[in-house]
Amino acid sequence: MMIIHRILFALAAALSLPSTAFAATDGTPGATSTGTFQATLTVTPPTSDMVQIIGLEDVSFSAEVYSPSNPTAFPQTESYLCLLRSGLGNVRLSISQPDPLNPTGTYGGWYLKDPAFPSVYLPVSIHFATLADPSLYGLNPNDTYISTPSSSACTAASGPTEAHTIHVGVSLVGVDPAQTPAPPGHYSQQFTLLLEPE
Amino acid sequence: MKVLKTAALAMALAMPGMAMAATDGTLGTTSTGTFDVTLSLTAPPVSQVQVIGLENIDLGTQQLSGQNIPISSGERYFCAKRSDAGNVTVNITQSFNNTQGFYLISSIDANGDGENDKIPLTIYLGDIVLNSYVLLNGTAQAVSQAPSSCDASSTGLGQAHHILLSSTATNTDFAGDYSGSFSVLVAPL
């Protein structure tokens, strides 16, 4: 009677505590011997991939004077930045500025402004490229640039072998009013880059 | 003489289990004596085996990422002992769908395929002389027995056997608590 009660109690305990880990057991000496053990593993979901832009620099064009002999001068700069992702997959880049213009013709919608001349908009072009894909990819408002990430070794000091290339150009004639030479002044704009996992 | 011999023979036949004393011959032109040779054969002793030192193995927590993550338990030592000379067999079994593989089984069915999620597991058996074997579920592997000095605290080459669990968390696996229960059967070879 006592033996039966003990067995029932142990069985009830096992049923009521299904997640209880059982201790490993040694075998007893005999013609054969059987022991037991359990293996456990906890798998957690992945964190969202992390992305980061490194190496952005302000772009400053030297003072340019509009010349009738060079009315369409469009100085450009080239610099490098890292578009990084912690995991596998591409990145997606978009750009914004306050109140962009609608893209018209050759003008993508980005511009510089001098508060002293509220009616003058100097068009800006922004293009990206990589060593693997050197063709320039221009970004306009509402565009996105999808690319493989920069090399994981990319740093703020990296060049084209590891980093993406950003080309910024500015027109010396205004887009609005069209083709009006911009008066001398201090034109500027802040652009915001948004990088996301693709 | 003849009568005596006959009587002696009858006694031997009537009481086969009784050891007869050797007899000397009597003095004569010839003389005959006798002696018995006996031999008792018994069944060989049954080898006694025992498995000791098994421990539960916690493979820890692995966070999924976009890459395959190797998982290893490292060597976990135990003794497969035998009372007499000879090798042993080690047979690890896991009751799961009668497959030959080993698995860690989740408590949930995250992928909705009708059975709890599982991750394949490889179990390696190492003997005391550095041989390593990939075990199949329910298939005995012959190895040398552990030294008589092997006990639950023994570790290392030449001192104890070991098992090593190996798996991989891939980007197609699902988060969850995985486990497996295994029986280790040791028998004389």
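The values are calculated or read from the model by the stated rules, or taken from the named source; none is laboratory data. Since the structure is predicted, the reported quantities are computational estimates derived from the model, not experimental observations. As a convention, Cβ positions derive from the backbone with ideal geometry for all residues, glycine included, and neighbour counts pool all protein chains shown. For accessibility, only protein heavy atoms count, side chains too; no ligands or nucleic acids. Shrake-Rupley method; radii C 1.70, N 1.55, O 1.52, S 1.80 Å.
Screening B:I108, B:I119, B:I128 for residues that are within 29 Å of A:G30 (Cβ to Cβ) and either crowded, with 19+ Cβ neighbours inside 10 Å or not basic (K, R) (or both) leaves exactly one candidate, B:I128. Look through the range A:141-153, keep the residues that are buried (at least 17 other Cβ atoms within 10 Å of the Cβ) and of a type in the set (G, A, S), and return whichever of them is farthest from A:S79 (Cα to Cα). Going through the qualifying residues, I end up with A:S147. Just so you know, in the range B:157-173 the residues that are facing another protein chain (nearest Cβ under 7 Å) and modelled with pLDDT under 90 include one that is nearest to the chain's Cα centre (by Cα), and it is B:A169. Within the range A:130-140, restricting attention to residues that are touching a strand residue (DSSP E or B) at 6+ places or on another chain (Cβ under 7 Å) and under 24 Å from A:L172 (Cα atoms), the residue that is least open to solvent (accessible area, probe 1.4 Å) is A:L139. Residues in the range B:170-189 that are out of contact with any strand residue (DSSP E or B) (no Cβ under 7 Å at 6 or more places or on another chain) and among the charged types (D, E, K, R): there are none. Here the condition is being surrounded by fewer than 19 Cβ atoms within 10 Å (Cβ to Cβ), part of a strand (DSSP E or B) and within 14 Å of chain A (Cβ to nearest Cβ); of B:S181, B:S148, it holds for B:S181 alone. Residues that are outside any loop (DSSP other than H, G, I, E, B) and either open to solvent by 70 Å² or more (accessible area, probe 1.4 Å) or at pLDDT 90 or above (or both) within the range A:14-37 comprise A:L15, A:S16, A:T25, A:G30, A:S33, A:T34, A:G35, A:T36, A:F37, listed in sequence order. Got a sec? Which of A:P177, A:P160, A:P183 is surrounded by 13 or more Cβ atoms within 10 Å (Cβ to Cβ) and either hydrophobic (A, V, I, L, M, F, W, C) or at pLDDT below 90 (or both)? One residue alone meets the criteria, A:P160.
The criterion of at least 2 residues that are in contact (Cβ under 8 Å) with a residue 40 or more places away in the chain and hydrophobic (A, V, I, L, M, F, W, C) is met, among strands (runs of 3 or more DSSP E) falling completely within the range A:80-172, by A:91-96, A:110-112, A:122-129, A:164-170. Mind counting the residues in the range B:54-105 that are of a type in the set (G, A, S) and at pLDDT 95 or above? Total meeting the criteria: 1. Residue count for the range A:85-106 satisfying the condition of being in contact with a Ser or Thr (Cβ under 8 Å, 6 or more places away or on another chain) and surrounded by fewer than 20 Cβ atoms within 10 Å (Cβ to Cβ): 6.
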